[in-house]
Amino acid sequence: MYRAAVITASDSGFAGNREDKSGPVIRDALTRAGYEISKSILLPDDRQMLSAEMRRVCDNREADLIITTGGTGFSPRDCTPEATRDVIHREVPGIPEAMRYFSMQVTPKAMLSRAASGIRGDTLIVNLPGSPKAAAECLEFILPSLLHGLDILTGAGSECAR
């Protein structure tokens, strides 16, 4: 069983002016897929706060997978991809490319996503959209491949496990 952390980026959610709907949708989908939710946090759209939390979760080995939601659009405050790139050691461009391709079948606006993905240490970080519907659709699409990637990353899929 892999451990997952969910980070929601939302200024209005952090201020208490909007309910976080994407975080619970993501947690439910991950739990149904067999993940243990090790952490769930709501932060503002603040690059330093987001990157510090991702870095802390990775470096303290609190999760094998970090899923972020929100902050991937064009708003001046949207900074989740930049915060992710500040933290990762290796980029995994295929994950957001696949999500954009999949989402383009639903709406052409999917091309506007700036989502990123990458690896820090033994932790995979994936940015999902902030919309609960889009987050759920993208996560369901990538879940089978994430499991395979985590098996390789953690050594669970190898006889030479770390």
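All of the numbers you see were taken from the coordinates with simple rules; none came from a lab. Model, not experiment: these values are computed from the prediction. Cβ atoms come from the backbone with ideal geometry, glycine included; neighbour counts cover every protein chain shown.
Computed values, structure above
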item	result
Antiparallel bridges, percent of DSSP beta bridges restricted to the chain (to nearest 5)	25 percent
Axial C-alpha extent at least 27 Å, average Kyte-Doolittle at least 0.5 - helices from the chain (DSSP)	132-154
Size-normalised alpha-carbon gyration radius of region 37-162, reference 2.2 N^0.38 Å	1.03
Low-density loop cleavage sites - chymotrypsin sites (Phe, Trp or Tyr not before Pro) in region 30-108, where at most 13 other Cβ are within 10 Å (DSSP)	F74
For region 3-154, with +1 on Lys and Arg beta carbons and -1 on Asp and Glu, the positive-most of S10, L124, I88 along the dipole	S10
Equivalent ellipsoid, region 11-84 (semi-axes from 5 times Cα gyration tensor eigenvalues, Å)	20, 16, 11
Relative contact order for the chain, counting Cα pairs under 8 Å that sit 6 or more residues apart, in percent	24 percent
Length gained when the stretch H148-R18 is fully extended (0.36 nm per residue, less Cα-Cα span)	43.3 nm
Projected label distance in nm at T107 and M1, using a 7 Å step from Cα toward the beta-carbon	3.5 nm
Estimated [θ] at 222 nm from DSSP helical runs (n ≥ 4, -39500 (n - 2.57)) normalised by residues in the chain, nearest 500	-13500 deg cm²/dmol
Dipole magnitude of the chain, debye to nearest 20 (Cβ charges: Lys/Arg +1, Asp/Glu -1, about Cα centre)	140 debye
